[in-house]
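*Asks:* The structure that follows is given in the form of structure tokens.
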Amino acid sequence: MFITKQNLKDWRLWYKLTLSLLITIFLLEMLIKGMVNISEDIKNSDGTTSPSIWTIYGNTIGEDGKVEILGYDYFGYVINFFSFFTIQSNILIAVWMFVGFLNHNKEGQIKLLQKAFSLSVVTYITVTALIFNGMLLPQVLATGKEFGALWWVEQMVVHTFGPIAAVVYFLLFMKQELEFNFKKFISRDFLFLAIYPVIYLIGSLLKGEMIYRAYGGDSVLARKHQAYPYFFLEIHNKQALSDKMGETLLNNGLFWMFMAIIIIVGIIIGLGSLYLYIGSKTSNIRNNWANNEQTKTKAK
């Protein structure tokens, strides 16, 4: 740890701790709330309800004519919760900020606070914000389902406020030496940035394929049991966007996967290079200010 008494007067120290704790608290709240409410029926868009997808059934039928419920798959729920890119990218931000808090004077020096990792996590969290607000939220709202205030607060923290706060800190306040060269960015930084999304894509497709096959190759059942974290990864679903659109190209999950890959690659290249460019400019400005202040101090 490299926190000194002088650091305690630096608002950036508390900025990092506050953001890290805020994200962590809301992630835990979302996880625990889901586990507490795991038995609740699912409200469908047509007004009907369906049993919880995490229900574990027995082999006997009760006096009421219903299949005996043995319990609920908490382990499966937890695994599914952490399979979302949103959750993982927010965890990365929380860890990055907390490491920055503990090593306040080591920004730009230790690996987790150097350019490669820092640029990666702020780019990933921006992808989370853009994909949610630009693709997923409109689809969710189109179902007509009503959401409570807590749901909105949760989504704004992990999809909007957290991403903005992390990007602002990286661009304007983080102490680091950045240089921008687009050719070097493509040959080095982009390749590093692409590692995690590629691993995530492969892992999500493998998980989805196993669940899809477990339910006899039925894409409807696979979706119901959370085979894929996002509709644009449902490669077997020919009605991935909406069951009201029929089996069209624009409703095909495989089509949307390729579209998402193109969009995300574009976002990573565009945002990664933009953040690096802006970061290099703000870094130079801060260094010039610091040098000027040192010069004035020596002159006195």
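The values are calculated or read from the model by the stated rules, or taken from the named source; none is laboratory data. A quick note: this is a predicted structure, and the numbers were derived from the prediction, not measured. With ideal geometry, Cβ positions are generated from the backbone for all residues, glycine too; neighbour counts draw on all protein chains shown.
*Asks:* How many residues are touching a helix residue (DSSP H, G or I) at 6+ places or on another chain (Cβ under 9 Å), in a helix (DSSP H, G or I) and of a type outside the set (D, E, K, R) when one looks only at the stretch 26-42?
*Replies:* 6
*Asks:* Something else: Given Leu206, Leu221, which one is surrounded by 14 or more Cβ atoms within 10 Å (Cβ to Cβ) and over 22 Å from Ala94 (Cα atoms)? Full working, then the answer.
*Replies:* Numbers: Leu206 fails: surrounded by 14 or more Cβ atoms within 10 Å (Cβ to Cβ).
Being surrounded by 14 or more Cβ atoms within 10 Å (Cβ to Cβ) and over 22 Å from Ala94 (Cα atoms) holds for just one of Leu206, Leu221, which is Leu221.
*Asks:* Give Trp96, Trp11 a once-over and let me know the one that is crowded, with 17+ Cβ neighbours inside 10 Å, of a type outside the set (D, E, K, R) and under 20 Å from Val122 (Cβ atoms).
*Replies:* Details: Trp11 fails: crowded, with 17+ Cβ neighbours inside 10 Å.
Just one listed residue meets the conditions, Trp96.
*Asks:* From the list Leu221, Leu206, Leu241, Leu201, which one is in contact (Cβ under 8 Å) with a residue 24 or more places away in the chain and in a helix (DSSP H, G or I)?
*Replies:* So the residue among Leu221, Leu206, Leu241, Leu201 that is in contact (Cβ under 8 Å) with a residue 24 or more places away in the chain and in a helix (DSSP H, G or I) is Leu201.
*Asks:* Here are Leu130, Leu141, Leu102: which of them is under 22 Å from Ile269 (Cβ atoms) and either of a type outside the set (S, T, N, Q) or without any contact (Cβ under 8 Å) to a residue 12 or more places away in the chain (or both)?
*Replies:* Result: Leu130 is the single residue among Leu130, Leu141, Leu102 that is under 22 Å from Ile269 (Cβ atoms) and either of a type outside the set (S, T, N, Q) or without any contact (Cβ under 8 Å) to a residue 12 or more places away in the chain (or both).
*Asks:* Being aromatic (Phe, Trp, Tyr), touching a Gly at 6+ places or on another chain (Cβ under 9 Å) and either farther than 30 Å from Ala94 by Cα or assigned to a helix (DSSP H, G or I) (or both) is the requirement here; does Phe161 meet it?
*Replies:* Taking the combined requirement at face value, the residue does not satisfy it.
*Asks:* Do we have Ser52 as at pLDDT 85 or above, within 22 Å of Val122 (Cβ to Cβ) and either among the aromatic types (Phe, Trp, Tyr) or surrounded by 14 or more Cβ atoms within 10 Å (Cβ to Cβ) (or both) here?
*Replies:* Spelling it out, it is not the case that Ser52 is at pLDDT 85 or above, within 22 Å of Val122 (Cβ to Cβ) and either among the aromatic types (Phe, Trp, Tyr) or surrounded by 14 or more Cβ atoms within 10 Å (Cβ to Cβ) (or both).
*Asks:* Please go through (1) closer than 19 Å to Thr143 by Cα; (2) not in a loop (DSSP other than H, G, I, E, B) for Arg213 and return the number of the only condition it doesn't satisfy.
*Replies:* Answer for Arg213: the failing condition is (1).
Residues checked against (1) in contact with a Ser or Thr (Cβ under 9 Å, 6 or more places away or on another chain); (2) assigned to a helix (DSSP H, G or I):
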{"residue": "Ser118", "(1), (2)": "no, yes"}
{"residue": "Val127", "(1), (2)": "yes, yes"}
{"residue": "Met135", "(1), (2)": "no, yes"}
{"residue": "Phe147", "(1), (2)": "no, no"}
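*Asks:* Something else now. Go through the residues of the stretch 109-119 one by one and say whether even a single one is touching an Asp or Glu at 6+ places or on another chain (Cβ under 6 Å) and not acidic (Asp, Glu).
*Replies:* The answer is yes, given that some residue of the stretch 109-119 is touching an Asp or Glu at 6+ places or on another chain (Cβ under 6 Å) and not acidic (Asp, Glu).
*Asks:* Follow-up. Can you tell me which of (1) surrounded by 15 or more Cβ atoms within 10 Å (Cβ to Cβ); (2) within 30 Å of Lys5 (Cα to Cα) is the one Asp73 doesn't meet?
*Replies:* In the conditions (1) surrounded by 15 or more Cβ atoms within 10 Å (Cβ to Cβ); (2) within 30 Å of Lys5 (Cα to Cα), Asp73 misses (2) alone.
*Asks:* So which residues in the stretch 139-171 are surrounded by 20 or more Cβ atoms within 10 Å (Cβ to Cβ) and either hydroxyl-bearing (Ser, Thr, Tyr) or outside the structural domain of Ser120 (by TED's automatic domain parsing) (or both), if there are any at all?
*Replies:* Result: Tyr169, single match.
*Asks:* Can you say whether Asn251 is among the polar types (S, T, N, Q) and either surrounded by 20 or more Cβ atoms within 10 Å (Cβ to Cβ) or in contact with a helix residue (DSSP H, G or I) (Cβ under 6 Å, 6 or more places away or on another chain) (or both), as far as the supplied structure shows?
*Replies:* For Asn251, the condition - among the polar types (S, T, N, Q) and either surrounded by 20 or more Cβ atoms within 10 Å (Cβ to Cβ) or in contact with a helix residue (DSSP H, G or I) (Cβ under 6 Å, 6 or more places away or on another chain) (or both) - is not met.
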